[in-house]
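Student: For reference, the structure I am asking about is given below.
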Amino acid sequence: MATLDERKHLISDLWLDQPDAHDEVDRRTVDHDLAAADAVRLHHFIDNGYMIAPLGFGPEVGNRLEDEVADLWRTRPYDLAAAPSQGGRISFRDFPDDKRDVGYRIADLHSHSATALELYLHPEIFRLVELVLDQPAVAFQSLYFRYGSQQALHRDPMFVVTRPASHLVAAWIALEDITDGSGPLLYAPGSHRYPWHEFEDDTITLSDKGGGPKRKEWTEARKRMLEHLEVQRFTCKAGDVLIWHGGLLHGGAKVTDPHSTRRSYVVHYSSAANYTHRKASMQAAVGRRGQLKGVSATTEHMLERDGNRGLDNPLRELSAR
Ligand SMILES: O=C(O)CCC(=O)C(=O)O
């Protein structure tokens with residue numbers, strides 16, 4: 001199945017990517033009881049590649065999550081991983097304390113925190129994501145950030161593989177009021193409609209780690225894209241969610257207030273019919289010298305709440321052995 005068309009646009013069967021998308025939203029408003037507020041969000045999503053909605057909670061959810069994370073840093077489970085700002089995932093058990101700073105993130109916290117699981121399977125986010133996908137969705141991975149990520153602008157399918165690539169939607173949930181100095185989420189409205197950089201024949205994934213030649217190619221391609229785009233900063237209230245199209249260019253702003261946290265939770269979704277299992281890897285200490293070695297696991301195990309489904313953290317399979 002081809003990924004890009006001859007103009008280097010992502011081939012997509014999503015209804016919101018089709019030329020008649022605005023008409024179709026209007027038609028569903030009249031014929032299918034699509035609520036007026038949702039129609040406004042969908043029209044905005046078609047043109048801009050994202051929508052923003054309130055989830056109806058305040059900072060208490062983030063505070064609860066923070067307490068659960070503090071407990072996990074005390075018990076240090078083997079089958080949960082975090083990644084430093086530079087580098088791959090390392091088991092919580094072996095994660096260096098001095099790397100728990102700006103840019104570090106916890107992967108798939110939904111397996112070890114009740115609050116993270118609530119966010120992972122949040123009914124209102126599922127409702128909105130399913131309006132976009134127009135079919136049942138599945139959550140398949142999550143990231144918890146305590147501080148700004150400072151991640152360079154990118155498009156998720158460069159790193160996150162779904163089949164088809166167009167069936168990728170993400171949600172970014174603010175867990176506290178997000179200030180400008182804390183390194184807010186950055187996004188470029190309308191970028192989802194831009195052509196893609198083709199790293200190899202019909203390939204949009206970037207496999208280079210660090211500063212390899214493909215990274216440099218991408219830096220140049222992004223510079224060209226940004227000549228036509230305006231980058232916005234998502235300063236918002238706790239409980240706001242920004243849901244983006246897989247093609248939206250986004251990243252994390254520089255943290256200019258070193259004392260600020262920027263607690264947020266990101267979840268990636270695909271179509272449930274297509275995304276049924278996931279593999280994850282991490283480094284963990286082995287032997288008497290405690291050298292870090294790569295381990296990985298795959299899961300098909302689904303977590304479910306209120307009829308919404310999400311894949312478990314694959315690393316939980318490791319503790320079962
Ligand atoms: O939260 C951020 O600063 C960026 C997150 C992001 O780029 C992602 O999860 O893909």
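Read-outs: derived from the displayed coordinates by stated rules, not from any lab. Here the structure is a predicted model, which is why all the values come from computation and not from measurement. Please note: Cβ atoms are built from the backbone with ideal geometry, for glycine as well, and neighbour counts cover all protein chains shown.
Student: Once Lys and Arg get +1 and Asp and Glu get -1 on their Cβ, which of T219, P189, I204 lies farthest toward the positive end of the dipole of region 142-246?
Tutor: T219
Student: Please report the relative contact order for region 44-319, taking Cα pairs under 8 Å with a sequence separation of at least 6, and give it as a percent rounded to a whole number.
Tutor: Value for region 44-319: 29 percent.
Student: Further, regarding this structure: From the backbone phi of region 275-289, what are the Karplus-calculated ³J(HN,Hα) couplings (6.51 cos²θ - 1.76 cosθ + 1.60, θ = phi - 60°) in whole Hz, Gly and Pro given as x?
Tutor: So the Karplus estimates, Gly and Pro as x, are 10, 10, 7, 8, 9, 9, 10, 7, 9, 9, 6, 10, x, 5, 7 Hz.
Student: Related question: Hey, can you grab everything whose amide H is under 5 Å from the amide H of A272? Only 5+ residues off in sequence or another chain; H modelled, so Pro and N-termini drop out.
Tutor: Correct list: A137, V138.
Student: At 4 °C and a viscosity of 1.567 mPa s, what translational diffusion coefficient does Stokes-Einstein give for region 208-278, taking Rh as the Kirkwood radius over Cα pairs? Give it in µm²/s as a whole number.
Tutor: Result for D is 81 µm²/s.
Student: For a quick check: with amide H placed at 1.01 Å from N, whose amide H comes under 5 Å from G148's, ignoring anything fewer than 5 positions away on the same chain?
Tutor: Amide H to amide H, under 5 Å and 5 or more residues apart or across chains, G148 pairs with G103, R262.
Student: For region 126-208, what is the relative contact order in percent, using Cα pairs closer than 8 Å and at least 6 residues apart in sequence?
Tutor: Relative CO of region 126-208 lands at 34 percent.
Student: Between their Cα atoms, which of K237/K279; K216/K237; K8/K209; K237/K293 are more than 31 Å away from each other?
Tutor: Flagged as over cut-off: K237/K279; K216/K237; K237/K293.
Student: Could you run the Karplus curve 6.51 cos²θ - 1.76 cosθ + 1.60 with θ = phi - 60° over region 104-109 and give me ³J(HN,Hα) per residue in whole Hz, x for Gly and Pro?
Tutor: Whole-Hz 3J(HN,Hα) from phi for region 104-109: 6, 9, 9, 8, 6, 4.
Student: At what distance in nm do the modelled label points of E124 and R305 sit from each other, each positioned 7 Å from its Cα along Cα→Cβ?
Tutor: 1.5 nm
Student: Something else now. Give me M51, M282, M225, M1 ranked fewest to most by other Cβ atoms within 10 Å of their Cβ, as a rough exposure proxy.
Tutor: In increasing order of surrounding Cβ atoms, one gets M1, M225, M51, M282.
Student: Then there's this: Just to compare against my own numbers: the Cα pair-distance distribution for region 24-63, 10 Å bins, whole % per bin, please.
Tutor: 27, 38, 23, 11, 1
Student: Among Y104, Y187, Y78, which one shows the biggest mean-square fluctuation in a GNM of the chain, springs joining Cα atoms closer than 10 Å?
Tutor: Between Y104, Y187, Y78, it is Y78 that shows the largest mean-square fluctuation.
Student: Another question, if that's okay. Hey, any idea what the orientation-averaged projected area of the convex hull of region 44-319's Cα atoms comes to, in nm²?
Tutor: Average of the hull's projected areas for region 44-319 equals 14.5 nm².
Student: Sorted by mean Cβ packing within 10 Å, highest first, what order do the peptides 254-262, 299-307 take?
Tutor: 254-262, 299-307
Student: Something else about it: Anyone know which of R289, R28, R224 comes out most mobile in the 10 Å Cα GNM of the chain?
Tutor: Answer for the Gaussian network model of the chain: R289.
Student: If you project the alpha carbons of region 138-201 onto their three principal axes, what span does each projection cover, largest first, in Å?
Tutor: 41, 25, 19
Student: Further, regarding this structure: Using +1 on the beta carbon of Lys and Arg, -1 on that of Asp and Glu, and nothing else charged, what's the dipole of the chain about the Cα centre, debye to 20?
Tutor: Magnitude of the dipole: close to 1620 debye.
Student: Bin by bin, in steps of 10 Å, what percent of the Cα pairs in region 16-173 do you find, going until the bin that has the longest distance?
Tutor: Cα pair-distance distribution for region 16-173, in percent: 9, 33, 32, 18, 7, 1.
Student: Can you work out the Karplus-derived ³J(HN,Hα) for every residue in region 151-156? Use 6.51 cos²θ - 1.76 cosθ + 1.60 with θ = phi - 60°, whole Hz, and x for glycine or proline.
Tutor: Rounded to whole hertz, the list is 6, 5, 4, 7, 10, 3.
Student: Counting only residues 5 or more places away or on other chains, whose amide H sits under 5 Å from the amide H of L311 once H atoms are built in the peptide plane?
Tutor: Sorted by chain and number, the residues that satisfy this are A139, F140, L303.
Student: Among F159, F234, F126, whose mean-square fluctuation peaks in a Gaussian network model of the chain (Cα, cutoff 10 Å)?
Tutor: F159
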